[in-house]
1. Between Arg159 and Asp82, what FRET efficiency comes out of the Förster formula 1/(1 + (r/R0)^6) with R0 = 35 Å and r the beta carbon distance, rounded to 0.05?
2. Can you list residues whose amide H is under 5 Å from Ala106's amide H, if they're 5+ apart or on another chain and H is modeled 1.01 Å from N?
3. With θ set to phi - 60°, apply the Karplus curve 6.51 cos²θ - 1.76 cosθ + 1.60 along the range 121-127 and write out the HN-Hα couplings as whole Hz, x wherever there is a Gly or Pro.
4. When the chain is fully extended, how far beyond the present Cα-Cα distance does Asn128 get from Glu71, taking 0.36 nm per residue of separation?
5. Just to confirm the filter: which chymotrypsin sites (Phe, Trp or Tyr not before Pro) across the range 109-168 are DSSP coil and have at most 15 other Cβ within 10 angstrom of their Cβ?
6. Just to be sure I understand: of the beta bridges DSSP finds with both ends in the range 79-168, what percent are antiparallel, rounded to 5?
7. Where nothing but the Cβ of Lys and Arg (+1) and of Asp and Glu (-1) is charged, how large is the charge dipole of the chain around its Cα centre, in debye to the nearest 20?
8. Report the semi-axes of the equivalent ellipsoid for the range 33-154 in whole Å, largest first, where each axis is √(5λ) for an eigenvalue λ of the Cα gyration tensor.
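The values are calculated or read from the model by the stated rules, or taken from the named source; none is laboratory data. What you see is a predicted model; the values in this text were computed from it and never measured. Cβ coordinates were reconstructed from backbone atoms using ideal geometry, including for glycine residues, and neighbour counts include every protein chain displayed. Only protein heavy atoms, including side chains, enter the accessible area calculation; ligands, DNA and RNA are left aside. Shrake-Rupley method; radii C 1.70, N 1.55, O 1.52, S 1.80 Å.
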Amino acid sequence: MTAKILVSACLLGKPVRYNGSDKKSGHPALEQWIREERVISVCPELTAGFSIPRPPAEIANGLTGNDVLSENARVVEITGRDVTELYVEGARATLAVALQNGCKYALLTDGSPSCGSVFIYDGAFAGNKHNAAGVTSALLRQHGIEVFSEAQISVLQERLSVEQPDVK
């Protein structure tokens, strides 16, 4: 069986980002995975009940998704509203989708307090990035799912090219 890939809905052209936009990737590998029916589309924020549009949110104080999961950090909107529980709920629901569909890999949008895997914003709402993972990426990794950013599609493509099919 060929592994399924969890993919951020915004990378698939769905206008689900906080500002109602998408981040559609036209990468040929992603188009191939869609044709092969390997792609499972997700948006942790929508799963948790957020609307479109919604205020931007960041993990406060330069902390990480792992810090949020260990209850040592908060996710806050630019308005000051604490949305931590919704981000954790969205991450848990996304993990459940990944597990139900046998996803070994995830291709998620960098920068997001949910999906960021290489970088996220530092909580000051000033455009400052730092190397860290968002809540969903951190939870997926804790459960053995390999997470890649949209800038790492070719790395994921290479990883999949050496994948051994499951033997039953």
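1. 0.45
2. When sequence neighbours closer than 5 places are left aside, the close amide H contacts are Leu6, Glu146, Val147, Phe148.
3. 8, 8, x, 9, 6, 10, x
4. 18.2 nm
5. Loop-located and lightly packed - Phe125.
6. Looking only at bridges with both residues in the range 79-168, the antiparallel portion is about 40 percent.
7. Charge dipole, the chain, about its Cα centre: 280 debye, nearest 20.
8. Equivalent-ellipsoid dimensions as semi-axes: 23, 15, 13 Å.
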